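The values are calculated or read from the model by the stated rules, or taken from the named source; none is laboratory data. Not measured: the values here are computed from a predicted model. Quick reminder, even Gly has a Cβ in these numbers, built from the backbone with ideal geometry, and neighbours come from all protein chains shown.
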Amino acid sequence: MRDRRRRRGQALVELALALPVLIVLIAGVLELGRGYAFAVETSDAARDAARDVAGKTASTNGPGLAAMCSLVTADLASVTTNVTCPTQVNHAPPFVAGTDFTKPVAGQAVVAVYCGSSSNCTGSIPTLYQSEVDVYVYYGFSDLNILGGGITITGSSRATTAW
């Protein structure tokens, strides 16, 4: 009888030692999954925005940054409603946080765009010919401090105007 109580007490102590480690591991895996889902959303938004802004034809100008911002905001609706866009950068990537764009706070998305020689990414028919368009979406991911706290997730896409 005494031996049985001792074994039960030993199992309880082992559970008390192992349970916090298991909880941290499970929470970490869930946070990684959530972070990956947000990374996919930001990449999809950047790709859609670059494709949209570069969608100029021989007879029409591009849709411009306001239309692109609406598209990014719609793409990120499941992630956040706090979207700051667009920040037009006058040089090709890489973009520098604090210089070219404002680093996002937790739960915020910031969009930075390079439109080549065009202002507003609309251009004129000859100006935007084969121009490079780079769209970066930065999202401030706030985890449970399991992964170290505030992380910036980046999605980016490069497109060339249609003709």
Could you list, in sequence order, all residues of the stretch 93-123 that are part of a loop (DSSP other than H, G, I, E, B), modelled with pLDDT of 85 or more, surrounded by fewer than 19 Cβ atoms within 10 Å (Cβ to Cβ) and not aliphatic (A, V, I, L, M)? P93, P94, G98, T99, D100, T102, K103, G107
Here is a list of conditions, (1) free of Cβ contacts under 8 Å to residues at least 40 places away in the same chain; (2) crowded, with 16+ Cβ neighbours inside 10 Å; (3) not in a helix (DSSP H, G or I), and N90 meets all of them except one; can you say which number that is? (2)
Considering only the stretch 62-83, how many residues are crowded, with 17+ Cβ neighbours inside 10 Å and among the polar types (S, T, N, Q)? 2
Kindly indicate whether A37 is surrounded by fewer than 16 Cβ atoms within 10 Å (Cβ to Cβ) and over 22 Å from N120 (Cβ atoms). yes
Subset of the stretch 15-65 [among the small types (G, A, S), farther than 16 Å from V137 by Cβ, in contact (Cβ under 8 Å) with a residue 60 or more places away in the chain and not in a helix (DSSP H, G or I)]: G55, A58, S59, G62
Here are some residues: R51, R47. Which one is farther than 13 Å from V110 by Cα and buried (at least 18 other Cβ atoms within 10 Å of the Cβ)? R47
